[in-house]
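Read the structure below first, then the notes.
The values are calculated or read from the model by the stated rules, or taken from the named source; none is laboratory data. Source: prediction; values computed, not measured. Here the Cβ positions follow ideal geometry from the backbone for every residue, glycine too, while neighbour counts run over all protein chains shown. Quick note on the areas: whole protein, heavy atoms, side chains included, nothing else; ligands and nucleic acids left out. Shrake-Rupley method; radii C 1.70, N 1.55, O 1.52, S 1.80 Å.
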Amino acid sequence: MEQFSEWVRAAEAGRDELISLRRAIHARPELGLQCPMTREKLEAAIADLPLTILRSDSTSGLVASLEGARPGRTVLLRGDMDALPIHEDTGLDFASREAGKMHACGHDSHSAMLASAARILCGRQAELAGRILFMFQPGEEGFHGGRIMLEEGLLGDPLPDAAFALHIWPTLPHGTVACRAGAMLASTDTVKARIIGKGGHAAMPHDAVDPIPAAAEVVLALQVEVARRTPVADPMVLSITCINAGTAHNVLPDAVELGGTLRTLSPEGRARGRELFERVCTHVAAAHGCRAEVAIDPGYPPTINDPRAVALVRQIAGDDFHELPSSNMGGEDFSYVLEKVPGAMAFLGVAPEGSDPATRAPLHNPAMMIDEAVLPKGVALHCAFATRFLERGWE
Ligand SMILES: [Zn+2]
Ligand SMILES: [Zn+2]
(Lines give C-alpha, C1' and ligand atoms only; values in the text may rest on other atoms or scores of the structure.)
(Ligands and ions follow the chains in the order given, each with its own letter.)
Protein backbone atom coordinates (compact mmCIF):
# COMPACT_ATOMS: atom_id res chain seq x y z
CA MET A 1 0.00 0.00 0.00
CA GLU A 2 1.16 3.52 0.72
CA GLN A 3 4.59 4.83 1.58
CA PHE A 4 4.85 6.26 5.08
CA SER A 5 4.91 9.82 3.71
CA GLU A 6 1.48 9.21 2.15
CA TRP A 7 0.07 8.14 5.51
CA VAL A 8 1.51 11.32 7.00
CA ARG A 9 -0.20 13.37 4.27
CA ALA A 10 -3.53 11.65 4.95
CA ALA A 11 -3.12 12.26 8.69
CA GLU A 12 -2.21 15.92 8.16
CA ALA A 13 -5.40 16.34 6.12
CA GLY A 14 -7.39 15.30 9.21
CA ARG A 15 -5.31 17.38 11.56
CA ASP A 16 -7.98 19.90 12.65
CA GLU A 17 -10.42 17.15 13.57
CA LEU A 18 -7.66 15.28 15.42
CA ILE A 19 -6.56 18.28 17.46
CA SER A 20 -10.07 19.38 18.32
CA LEU A 21 -11.01 15.85 19.48
CA ARG A 22 -7.84 15.66 21.57
CA ARG A 23 -8.56 19.05 23.16
CA ALA A 24 -12.20 18.16 23.86
CA ILE A 25 -11.08 15.00 25.66
CA HIS A 26 -8.31 16.92 27.41
CA ALA A 27 -10.75 19.49 28.83
CA ARG A 28 -12.99 16.82 30.38
CA PRO A 29 -10.68 14.17 31.85
CA GLU A 30 -12.15 11.10 33.55
CA LEU A 31 -10.52 8.58 35.88
CA GLY A 32 -10.45 4.81 36.06
CA LEU A 33 -12.68 2.31 34.31
CA GLN A 34 -15.66 4.59 33.77
CA CYS A 35 -14.97 7.31 31.20
CA PRO A 36 -18.46 7.81 29.70
CA MET A 37 -17.95 11.36 28.36
CA THR A 38 -14.73 10.26 26.68
CA ARG A 39 -16.43 7.25 25.12
CA GLU A 40 -19.25 9.47 23.88
CA LYS A 41 -16.79 11.80 22.13
CA LEU A 42 -14.90 8.90 20.57
CA GLU A 43 -18.06 7.14 19.42
CA ALA A 44 -19.31 10.39 17.88
CA ALA A 45 -15.98 10.80 16.06
CA ILE A 46 -16.26 7.38 14.40
CA ALA A 47 -20.08 7.09 14.20
CA ASP A 48 -20.26 7.48 10.40
CA LEU A 49 -17.55 4.90 9.68
CA PRO A 50 -18.15 1.31 8.49
CA LEU A 51 -17.07 -0.17 11.84
CA THR A 52 -18.63 -2.83 14.06
CA ILE A 53 -18.61 -1.55 17.63
CA LEU A 54 -18.36 -3.84 20.65
CA ARG A 55 -18.85 -2.13 24.01
CA SER A 56 -17.34 -3.44 27.23
CA ASP A 57 -19.97 -4.50 29.80
CA SER A 58 -18.16 -3.40 32.92
CA THR A 59 -16.04 -0.47 31.67
CA SER A 60 -16.34 2.41 29.19
CA GLY A 61 -14.06 0.57 26.79
CA LEU A 62 -14.96 -0.27 23.23
CA VAL A 63 -13.50 -2.18 20.33
CA ALA A 64 -14.27 -0.98 16.81
CA SER A 65 -13.64 -3.53 14.11
CA LEU A 66 -12.91 -2.77 10.45
CA GLU A 67 -13.43 -5.67 8.06
CA GLY A 68 -11.28 -5.46 4.93
CA ALA A 69 -12.67 -6.34 1.52
CA ARG A 70 -10.81 -9.64 1.56
CA PRO A 71 -10.05 -12.10 4.37
CA GLY A 72 -6.63 -12.10 6.01
CA ARG A 73 -4.79 -11.47 9.26
CA THR A 74 -6.11 -9.51 12.23
CA VAL A 75 -4.19 -6.63 13.78
CA LEU A 76 -5.07 -4.65 16.90
CA LEU A 77 -4.27 -0.98 17.55
CA ARG A 78 -4.77 0.34 21.04
CA GLY A 79 -5.37 3.78 22.57
CA ASP A 80 -6.12 4.33 26.25
CA MET A 81 -8.68 6.84 27.55
CA ASP A 82 -8.24 7.62 31.25
CA ALA A 83 -6.62 10.54 33.06
CA LEU A 84 -4.88 11.04 36.42
CA PRO A 85 -5.90 12.56 39.78
CA ILE A 86 -3.64 15.58 39.26
CA HIS A 87 -4.62 19.25 39.25
CA GLU A 88 -3.54 20.65 35.88
CA ASP A 89 -1.09 23.53 35.86
CA THR A 90 -0.36 24.18 32.18
CA GLY A 91 -2.27 27.42 31.59
CA LEU A 92 -3.53 26.04 28.25
CA ASP A 93 -6.82 27.45 27.05
CA PHE A 94 -8.19 23.91 26.72
CA ALA A 95 -6.86 22.88 30.15
CA SER A 96 -8.87 20.52 32.34
CA ARG A 97 -12.20 21.85 33.55
CA GLU A 98 -12.48 19.00 36.05
CA ALA A 99 -10.81 20.01 39.33
CA GLY A 100 -8.16 17.51 40.38
CA LYS A 101 -8.19 15.55 37.13
CA MET A 102 -5.75 15.90 34.26
CA HIS A 103 -4.65 14.08 31.13
CA ALA A 104 -1.05 14.14 32.34
CA CYS A 105 -0.19 10.81 30.68
CA GLY A 106 -1.33 11.81 27.18
CA HIS A 107 -4.13 9.27 26.90
CA ASP A 108 -6.29 12.05 25.40
CA SER A 109 -3.89 12.12 22.44
CA HIS A 110 -3.70 8.31 22.24
CA SER A 111 -7.45 7.83 21.81
CA ALA A 112 -7.76 10.83 19.46
CA MET A 113 -4.92 9.50 17.26
CA LEU A 114 -6.62 6.11 17.16
CA ALA A 115 -9.95 7.64 16.08
CA SER A 116 -8.15 9.50 13.27
CA ALA A 117 -6.37 6.32 12.18
CA ALA A 118 -9.75 4.54 12.09
CA ARG A 119 -11.14 7.21 9.75
CA ILE A 120 -8.18 6.98 7.36
CA LEU A 121 -8.10 3.18 7.34
CA CYS A 122 -11.86 2.96 6.76
CA GLY A 123 -11.21 5.01 3.62
CA ARG A 124 -8.92 2.18 2.42
CA GLN A 125 -11.40 -0.61 3.24
CA ALA A 126 -11.64 -1.79 -0.37
CA GLU A 127 -7.87 -2.37 -0.51
CA LEU A 128 -7.56 -4.15 2.83
CA ALA A 129 -7.17 -7.89 3.33
CA GLY A 130 -7.94 -8.78 6.94
CA ARG A 131 -9.36 -7.07 9.98
CA ILE A 132 -8.25 -4.11 12.08
CA LEU A 133 -9.40 -3.81 15.69
CA PHE A 134 -9.31 -0.37 17.31
CA MET A 135 -9.18 -0.87 21.08
CA PHE A 136 -10.26 2.18 23.08
CA GLN A 137 -9.41 1.32 26.65
CA PRO A 138 -10.08 3.05 29.99
CA GLY A 139 -8.50 2.22 33.34
CA GLU A 140 -4.83 2.12 32.29
CA GLU A 141 -3.62 4.07 35.33
CA GLY A 142 -3.71 1.12 37.73
CA PHE A 143 -7.22 -0.20 37.05
CA HIS A 144 -6.40 -3.15 34.78
CA GLY A 145 -8.70 -1.96 31.98
CA GLY A 146 -6.74 -3.92 29.38
CA ARG A 147 -7.06 -7.16 31.32
CA ILE A 148 -10.79 -6.68 31.87
CA MET A 149 -11.42 -6.08 28.15
CA LEU A 150 -9.41 -9.21 27.34
CA GLU A 151 -11.37 -11.24 29.90
CA GLU A 152 -14.65 -9.96 28.45
CA GLY A 153 -13.65 -11.44 25.11
CA LEU A 154 -13.71 -8.07 23.32
CA LEU A 155 -10.45 -8.79 21.53
CA GLY A 156 -11.97 -11.78 19.76
CA ASP A 157 -11.48 -15.52 19.65
CA PRO A 158 -9.02 -16.34 18.23
CA LEU A 159 -7.08 -13.32 19.46
CA PRO A 160 -5.52 -10.92 16.91
CA ASP A 161 -2.28 -11.93 15.17
CA ALA A 162 -0.46 -8.73 16.15
CA ALA A 163 -0.95 -5.69 18.39
CA PHE A 164 0.57 -2.20 18.45
CA ALA A 165 0.31 0.79 20.78
CA LEU A 166 1.90 4.22 20.94
CA HIS A 167 2.67 6.21 24.06
CA ILE A 168 3.55 9.88 23.73
CA TRP A 169 6.76 10.84 25.54
CA PRO A 170 7.30 14.51 26.41
CA THR A 171 11.01 14.11 27.20
CA LEU A 172 11.94 12.51 23.87
CA PRO A 173 12.82 14.67 20.85
CA HIS A 174 10.08 15.84 18.46
CA GLY A 175 8.89 13.00 16.25
CA THR A 176 11.23 10.33 17.60
CA VAL A 177 9.85 6.77 17.60
CA ALA A 178 11.53 4.99 20.49
CA CYS A 179 11.30 1.28 21.07
CA ARG A 180 13.25 -1.79 22.08
CA ALA A 181 12.85 -5.54 21.74
CA GLY A 182 12.16 -7.50 24.92
CA ALA A 183 11.31 -5.74 28.17
CA MET A 184 10.09 -2.23 27.46
CA LEU A 185 8.38 -1.53 30.80
CA ALA A 186 8.27 -3.23 34.19
CA SER A 187 5.82 -5.24 36.28
CA THR A 188 4.15 -3.14 38.96
CA ASP A 189 3.20 -5.12 42.09
CA THR A 190 2.22 -3.29 45.27
CA VAL A 191 3.90 -4.71 48.37
CA LYS A 192 2.64 -4.32 51.92
CA ALA A 193 3.86 -5.57 55.28
CA ARG A 194 2.58 -5.14 58.80
CA ILE A 195 5.37 -5.61 61.36
CA ILE A 196 3.63 -6.56 64.59
CA GLY A 197 5.20 -6.27 68.04
CA LYS A 198 3.64 -5.31 71.35
CA GLY A 199 2.96 -1.69 72.27
CA GLY A 200 3.81 -0.11 75.59
CA HIS A 201 5.39 2.83 77.44
CA ALA A 202 8.20 4.43 75.46
CA ALA A 203 10.25 4.76 78.67
CA MET A 204 10.12 1.01 79.32
CA PRO A 205 10.78 -0.66 75.97
CA HIS A 206 11.91 -3.88 77.65
CA ASP A 207 8.29 -4.48 78.69
CA ALA A 208 7.12 -4.08 75.09
CA VAL A 209 8.18 -5.50 71.73
CA ASP A 210 9.03 -2.39 69.75
CA PRO A 211 8.17 -2.86 66.07
CA ILE A 212 9.84 0.38 64.95
CA PRO A 213 13.51 -0.71 64.91
CA ALA A 214 12.36 -4.00 63.37
CA ALA A 215 10.56 -2.14 60.57
CA ALA A 216 13.56 0.15 60.05
CA GLU A 217 15.79 -2.89 59.61
CA VAL A 218 13.29 -4.49 57.26
CA VAL A 219 13.47 -1.44 54.99
CA LEU A 220 17.27 -1.49 54.90
CA ALA A 221 17.55 -5.28 54.62
CA LEU A 222 15.23 -5.21 51.62
CA GLN A 223 17.58 -2.82 49.79
CA VAL A 224 20.63 -4.95 50.65
CA GLU A 225 18.85 -8.10 49.54
CA VAL A 226 17.73 -6.53 46.24
CA ALA A 227 21.30 -5.38 45.59
CA ARG A 228 22.85 -8.77 46.38
CA ARG A 229 20.28 -11.12 44.85
CA THR A 230 19.35 -9.41 41.59
CA PRO A 231 21.20 -10.43 38.42
CA VAL A 232 22.45 -7.27 36.71
CA ALA A 233 20.89 -8.40 33.44
CA ASP A 234 17.42 -8.70 34.99
CA PRO A 235 17.04 -5.59 37.15
CA MET A 236 14.64 -5.00 40.03
CA VAL A 237 13.52 -1.86 41.83
CA LEU A 238 11.86 -2.13 45.24
CA SER A 239 10.82 1.20 46.73
CA ILE A 240 9.25 1.43 50.18
CA THR A 241 7.15 4.56 49.91
CA CYS A 242 4.93 4.50 53.02
CA ILE A 243 5.79 3.91 56.68
CA ASN A 244 2.96 4.37 59.13
CA ALA A 245 3.04 3.86 62.90
CA GLY A 246 2.65 5.62 66.20
CA THR A 247 0.35 8.11 67.86
CA ALA A 248 2.45 9.88 70.51
CA HIS A 249 6.06 10.58 71.45
CA ASN A 250 5.79 8.49 74.62
CA VAL A 251 3.94 5.46 73.27
CA LEU A 252 5.43 2.48 71.48
CA PRO A 253 2.97 1.32 68.84
CA ASP A 254 1.78 -2.26 68.41
CA ALA A 255 2.63 -2.36 64.75
CA VAL A 256 4.24 -0.59 61.79
CA GLU A 257 2.79 -0.65 58.30
CA LEU A 258 5.10 -0.58 55.30
CA GLY A 259 4.05 -0.17 51.69
CA GLY A 260 5.77 0.23 48.38
CA THR A 261 6.17 -0.91 44.80
CA LEU A 262 8.10 -3.79 43.25
CA ARG A 263 9.27 -3.34 39.63
CA THR A 264 10.78 -6.16 37.58
CA LEU A 265 11.35 -6.95 33.89
CA SER A 266 10.62 -10.66 33.60
CA PRO A 267 8.26 -13.27 35.07
CA GLU A 268 11.31 -14.83 36.79
CA GLY A 269 12.41 -11.49 38.24
CA ARG A 270 8.89 -10.86 39.44
CA ALA A 271 8.75 -14.21 41.26
CA ARG A 272 12.21 -13.53 42.73
CA GLY A 273 11.10 -10.11 44.01
CA ARG A 274 7.94 -11.42 45.62
CA GLU A 275 9.82 -14.24 47.37
CA LEU A 276 12.52 -11.84 48.55
CA PHE A 277 10.02 -9.37 49.99
CA GLU A 278 8.13 -12.01 51.93
CA ARG A 279 11.29 -13.71 53.22
CA VAL A 280 13.05 -10.55 54.41
CA CYS A 281 9.95 -9.10 56.10
CA THR A 282 9.13 -12.36 57.86
CA HIS A 283 12.61 -13.23 59.08
CA VAL A 284 13.92 -9.78 59.99
CA ALA A 285 10.72 -9.19 61.96
CA ALA A 286 11.17 -12.57 63.69
CA ALA A 287 14.77 -11.71 64.61
CA HIS A 288 13.35 -8.81 66.63
CA GLY A 289 10.64 -10.87 68.31
CA CYS A 290 8.00 -9.42 65.97
CA ARG A 291 5.98 -11.09 63.28
CA ALA A 292 5.13 -9.87 59.81
CA GLU A 293 1.93 -10.09 57.80
CA VAL A 294 2.84 -9.72 54.15
CA ALA A 295 0.51 -8.96 51.23
CA ILE A 296 1.34 -8.50 47.56
CA ASP A 297 -1.31 -6.92 45.31
CA PRO A 298 -0.57 -8.00 41.76
CA GLY A 299 -0.09 -5.08 39.38
CA TYR A 300 0.67 -5.21 35.67
CA PRO A 301 2.99 -7.79 34.14
CA PRO A 302 6.16 -6.54 32.45
CA THR A 303 5.56 -5.10 28.95
CA ILE A 304 7.53 -7.35 26.59
CA ASN A 305 7.92 -6.28 22.95
CA ASP A 306 8.21 -8.97 20.28
CA PRO A 307 11.44 -8.51 18.28
CA ARG A 308 9.53 -8.99 14.97
CA ALA A 309 7.14 -6.19 15.89
CA VAL A 310 10.04 -3.93 16.86
CA ALA A 311 11.67 -4.67 13.47
CA LEU A 312 8.44 -3.60 11.77
CA VAL A 313 8.31 -0.37 13.82
CA ARG A 314 11.95 0.29 12.93
CA GLN A 315 11.32 -0.21 9.19
CA ILE A 316 8.41 2.20 9.20
CA ALA A 317 9.99 4.86 11.42
CA GLY A 318 13.22 4.89 9.38
CA ASP A 319 15.57 7.67 10.46
CA ASP A 320 13.25 8.67 13.30
CA PHE A 321 13.68 5.30 14.99
CA HIS A 322 15.51 5.46 18.29
CA GLU A 323 16.53 2.21 19.93
CA LEU A 324 16.03 2.58 23.67
CA PRO A 325 19.24 1.46 25.38
CA SER A 326 17.43 0.21 28.47
CA SER A 327 14.02 -0.66 29.82
CA ASN A 328 11.89 1.83 31.69
CA MET A 329 10.75 0.75 35.18
CA GLY A 330 7.32 2.33 34.69
CA GLY A 331 4.39 0.03 33.89
CA GLU A 332 1.62 -0.32 31.30
CA ASP A 333 -1.43 -2.51 31.08
CA PHE A 334 -0.93 -3.02 27.33
CA SER A 335 1.32 -5.71 28.82
CA TYR A 336 -1.77 -7.92 29.25
CA VAL A 337 -2.36 -7.80 25.49
CA LEU A 338 1.33 -8.42 24.76
CA GLU A 339 1.30 -11.48 27.05
CA LYS A 340 -1.13 -13.09 24.60
CA VAL A 341 -0.51 -11.36 21.26
CA PRO A 342 2.89 -10.63 19.67
CA GLY A 343 3.37 -6.92 19.22
CA ALA A 344 5.02 -3.77 20.47
CA MET A 345 4.49 -0.51 22.26
CA ALA A 346 6.56 2.41 20.96
CA PHE A 347 7.11 5.84 22.50
CA LEU A 348 6.47 8.92 20.36
CA GLY A 349 8.59 11.98 21.20
CA VAL A 350 6.37 15.05 21.62
CA ALA A 351 8.87 17.68 22.80
CA PRO A 352 8.50 20.84 20.69
CA GLU A 353 10.79 21.08 17.69
CA GLY A 354 14.11 22.67 18.63
CA SER A 355 13.46 22.40 22.38
CA ASP A 356 15.71 20.57 24.81
CA PRO A 357 13.59 17.51 25.69
CA ALA A 358 15.37 17.14 29.03
CA THR A 359 13.84 20.41 30.21
CA ARG A 360 10.25 19.36 29.45
CA ALA A 361 7.80 18.40 32.20
CA PRO A 362 7.59 14.58 32.24
CA LEU A 363 4.53 12.31 32.18
CA HIS A 364 2.36 12.46 35.33
CA ASN A 365 3.47 16.06 36.00
CA PRO A 366 0.89 18.90 36.37
CA ALA A 367 2.76 20.90 33.71
CA MET A 368 3.04 18.06 31.14
CA MET A 369 2.40 19.34 27.60
CA ILE A 370 2.40 17.79 24.16
CA ASP A 371 3.52 19.37 20.90
CA GLU A 372 0.37 18.61 18.92
CA ALA A 373 2.28 19.00 15.64
CA VAL A 374 3.59 15.45 16.23
CA LEU A 375 0.16 13.85 16.56
CA PRO A 376 -0.55 13.37 12.81
CA LYS A 377 2.64 11.36 12.69
CA GLY A 378 1.26 9.10 15.42
CA VAL A 379 -1.86 8.59 13.31
CA ALA A 380 0.31 7.72 10.30
CA LEU A 381 2.32 5.25 12.39
CA HIS A 382 -0.88 3.46 13.45
CA CYS A 383 -2.00 3.25 9.80
CA ALA A 384 1.39 1.99 8.66
CA PHE A 385 1.77 -0.58 11.46
CA ALA A 386 -1.65 -2.07 10.68
CA THR A 387 -1.42 -2.15 6.89
CA ARG A 388 2.18 -3.36 6.82
CA PHE A 389 1.25 -6.25 9.09
CA LEU A 390 -1.90 -7.13 7.16
CA GLU A 391 0.03 -7.15 3.89
CA ARG A 392 3.21 -8.92 4.88
CA GLY A 393 2.87 -10.30 8.39
CA TRP A 394 6.23 -10.50 10.14
CA GLU A 395 8.21 -10.65 6.88
ZN1 LIG B 1 0.48 7.08 33.13
ZN1 LIG C 1 0.09 6.30 30.00
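Jot down the per residue volume, in cubic angstrom and as a whole number, of the convex hull over the alpha-carbon atoms of segment 159-308. Don't jump to the answer; show the numbers that get you there.
On the way: hull volume 22.4 nm³, N = 150.
So the per-residue Cα hull volume is 150 Å³.
For Arg180, what charge total do you get from the other residues with a beta carbon under 12 Å from its beta carbon, if Lys and Arg give +1 and Asp and Glu give -1? Provide the component values of the computation, followed by the final result.
Working: positive: Arg314; negative: Asp306, Glu323.
So the environment of Arg180 carries a net charge of -1.
How high is the relative contact order of segment 74-181, in percent, with contacts defined as C-alpha pairs under 8 Å that are six or more residues apart?
Numbers: 134 pairs, mean separation 43.8, N = 108.
Averaging sequence separation for qualifying contacts and normalising by length gives 41 percent for segment 74-181.
How would you classify segment 108-202 from its alpha-carbon gyration tensor, with a ≥ b ≥ c the square roots of the eigenvalues: rounded for a/c under 1.5, else prolate if a/b is greater than b/c, otherwise oblate?
Values: a/c = 3.07, a/b = 2.05, b/c = 1.50.
Since a/c reaches 1.5 and a/b is larger than b/c, the shape of segment 108-202 is classed as prolate.
Could you work out [θ]222 nm for the chain from helices alone, using -39500 (n - 2.57) per DSSP H run of at least four and dividing by all its residues? Round to the nearest 500 deg cm²/dmol. Write down the numbers at each step before the final one.
On the way: 10 runs with 133 residues, N = 395.
It comes out at -10500 deg cm²/dmol, rounded to the nearest 500.
Taking 8 Å as the Cα distance limit and 6 or more residues as the minimum spacing, I'd like the relative contact order of segment 125-254 as a percentage.
Working: 73 pairs, mean separation 27.6, N = 130.
Rounded, it is 21 percent for segment 125-254.
Just the accessible area per residue of segment 197-291, please: how many Å² with a 1.4 Å probe? It would help to have the intermediate numbers written out before the result.
Values: 5210 Å² over 95 residues.
I get 55 Å² per residue for segment 197-291.
In a Gaussian network model over the chain where Cα atoms closer than 10 Å are linked, find which of Ala44, Ala214, Ala24 has the largest mean-square fluctuation.
Highest fluctuation of the listed residues: Ala44.
Counting only residues 5 or more places away or on other chains, whose amide H sits under 5 Å from the amide H of Asn305 once H atoms are built in the peptide plane?
The list, which skips near neighbours in sequence, is Gly182, Ala183, Met184.
So how exposed is Cys290, as accessible area in Å² (1.4 Å probe, rounded to 10)?
Its accessible surface works out to 10 Å², give or take rounding.
Which residue, Ile46, Thr387, Ala13, has the largest displacement toward the positive end of the dipole of the chain when charges sit on each Cβ (Lys, Arg +1; Asp, Glu -1)?
Result: Thr387, furthest along the dipole toward the positive end.
In Å and on Cα atoms, what radius of gyration and Dmax does the chain show?
Final numbers for Rg and Dmax: 23.6, 83 Å.
Just the projected area, averaged over all directions, of the convex hull on the alpha carbon atoms of segment 261-395: how many nm²? Display every interim value, and only then the final one.
Numbers: hull surface 46.7 nm².
The number I arrive at for segment 261-395 is 11.7 nm².
Which of these, Leu220, Leu66, Leu375, has the largest mean-square fluctuation under a Gaussian network model of the chain (Cα springs below 10 Å)?
Most flexible of the set in this elastic network: Leu220.
If you place +1 on the Cβ of every Lys and Arg and -1 on the Cβ of every Asp and Glu, how big does the dipole about the Cα centre of segment 280-395 come out, in debye to the nearest 20?
On the way: 8 positive and 15 negative charges, 53 e Å.
The calculation lands at about 260 debye.
For the chain, with all protein chains present and a 1.4 Å probe, just round the carbon and sulfur fraction of the accessible area to a whole percent.
Values: 8530 of 16510 Å².
Carbon and sulfur: 52 percent of the exposed surface of the chain.
Do you know the relative contact order of the chain, to the nearest whole percent, from alpha carbon pairs under 8 angstrom that are 6+ apart? Kindly include the intermediate steps, with their values, before the conclusion.
On the way: 942 pairs, mean separation 97.4, N = 395.
The value is 25 percent.
What number, in nm² with one decimal, is the all-direction average of the projected area of the convex hull of the alpha-carbon atoms of segment 236-319? Numbers along the way, then the final one.
On the way: hull surface 34.9 nm².
That works out to 8.7 nm².
Once the Cα atoms of helix 4-13 and of the chain are each reduced to a long axis, what angle between those two axes, in degrees from 0 to 90 to the nearest 10, is obtained?
90 degrees
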